[in-house]
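Every number in this text was worked out from the coordinates using simple rules, so none of it is lab data. This structure is a prediction, so every number in the text was calculated from the model and none was measured. All Cβ positions, glycine included, derive from the backbone under ideal geometry; neighbour counts span all protein chains shown.
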Amino acid sequence: MPVFSHGFPFDPAHGRSLDQLLALPAPTAPADFDAFWTERYEAARRVVTAPAVGPLEEERDGARIFGVSFTSVGGLRLGGWLVLPADGPAEHGFVVGHGYGGRQDPGTDVPLPLPRSAAVLPCVRGLGARSRRPGIPGEAGEHVLYGIDSRDTYVLGDCVADLWCAASALLELVPELVSEPAGGAGDRPGARLGYVGESLGGGLGALALPWDDRMGCAQLTVPAFGDRPLGLTLPSVGSGRAVRAYHHDHPGVMDVLPYFDAATAASRIRVPVLVAAALFDPSVPPPGQFAVYNALAGPRELYTLSAGHFAHPDEARETAELDAARRRFFGERLRRT
């Protein structure tokens, strides 16, 4: 286990070895967990996303980057960026989630994991430069509590739907990514999409993936929201701290949180997933991250990080190694034209 000098009033490794982390199970799912999320997914697929592309903003790393907006559930218009190959048609597609800091620009999400790819980089509702909306808090500790008293109003459910609607917008804008249905005439068209998400985006991605057959594989880095009951017992400096404090005064929230457990959702994911989980993380407790990896029901790969959400001497090397692993992972799994 890594040993870091830090000023936190708790152990960001939470006293667990790698073997102990790899033995953590997913919590028990609510009886209607699958029905709840299937209904939400179907509602998101019915949304007319009406994507609109703005002018070219950047061209770099073999890609052209445009502003984009689209409609999500509740009729909310959201923004982000559309990435297209600088030359030729797109051979792969990605939806790229972001962390609780929001997305202010495309940043290091470009270059994409594979060349000749198209992607949508959405800002989920309330966060980032292009999806701040009146009434939805933009600060992590307030955003994570928005609507939390009901599973039907909790903002995380709508943020998951934002990712599904972002995928719909991408497929409308880049129709060459759509493939013919494998079954009968009533089946929906498929797609060649990968998902990439970190922290908040990792947790949202785990919640989104089981229900969306357009996503063929995913890479999740330090995913949030794994094993919510355990997470309520573990100190952190991230959004989980706000949820723990709220739960202390409102214990009934445990009727809601199990529906938004990334580890429970991971037990329904059957497509290949590469997880980068950290042994030391002050913002997203490692036990929750590993609970997501452990629960995955399909092909899985693990890249173990020394630390997440924490600067350390090996950070640049590990980031480069994870980038290489991500490129290999998607290169082996995303179907080409």
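Near the amide H of E57, within less than 5 Å, lie the amide hydrogens of I65, F66, G67, all on another chain or at least 5 residues away, with H placed in the peptide plane. A218 sits among other residues whose Cβ lies under 14 Å from its own Cβ, and their net charge, with Lys and Arg +1 and Asp and Glu -1, is +2. Placing unit charges on the Cβ atoms only, positive for Lys and Arg and negative for Asp and Glu, gives the chain a dipole magnitude near 360 debye about its Cα centre.
Just to verify a number: FRET efficiency for A86 and R327, C-beta to C-beta distance, R0 = 25 Å, to 0.05? The partial results should precede the final answer.
Values: r = 18 Å, r/R0 = 0.73.
It comes to 0.85.
The local environment of D323, defined by Cβ-Cβ distances under 14 Å, has a net charge of -2 under the rule Lys, Arg +1 and Asp, Glu -1.
Summary value for segment 51-191: 21 percent relative contact order, contacts being C-alpha pairs under 8 angstrom separated by 6+ residues.
Want the number for R60 to D11: 0.36 nm per residue separation, take away the alpha-carbon distance, what's left?
On the way: separation 49, 0.36 × 49 = 17.64 nm, distance 4.09 nm.
Roughly 13.5 nm would be gained on extension.
One quarter of the convex hull surface built on the alpha carbon atoms of segment 230-337 amounts to 8.0 nm², the projected area averaged over directions. Applying a DSSP loop filter and a limit of 14 other Cβ atoms within 10 Å to the trypsin sites (Lys or Arg not before Pro) in segment 290-337 leaves R335, R336.
By the beta-carbon count within 10 Å of each Cβ, the least crowded to most crowded order of S150, S5, S306, S236, fewest first, is S5, S150, S306, S236.
The equivalent ellipsoid of segment 58-187 has semi-axes of 27, 20, 11 Å, largest first, where each one is the square root of 5 times an eigenvalue of the Cα gyration tensor.
Summarising the label geometry, the points placed 7 Å from Cα in the beta-carbon direction at H312 and D34 lie 3.8 nm from one another.
I need to check one value: relative contact order of segment 1-119, counting alpha carbon pairs closer than 8 Å and at least 6 residues apart, in percent.
On the way: 130 pairs, mean separation 21.6, N = 119.
Relative CO of segment 1-119 lands at 18 percent.
Note down the net charge around A161, summing +1 for each Lys or Arg and -1 for each Asp or Glu among other residues with Cβ under 15 Å from its Cβ.
Values: positive: R40, R45, R46, R77, R125, R133, R151, R214; negative: E39, E42, D152, D158, D162, D212.
Once positives and negatives cancel, what remains is +2.
Is the shape of segment 1-84 rounded, prolate or oblate, going by the alpha carbon gyration tensor and its root eigenvalues a ≥ b ≥ c, with a/c under 1.5 for rounded and a/b larger than b/c for prolate? Oblate shape, in that a/c is at least 1.5 and b/c is the bigger or equal ratio. Stokes-Einstein diffusion for the chain at 10 °C, viscosity 1.306 mPa s, with a Kirkwood radius from C-alpha pairs, works out to 80 µm²/s. Helical content alone sets the calculated 222 nm signal of the chain at -8500 deg cm²/dmol, taking -39,500 (n - 2.57) per DSSP H segment of four or more residues and averaging over every residue.
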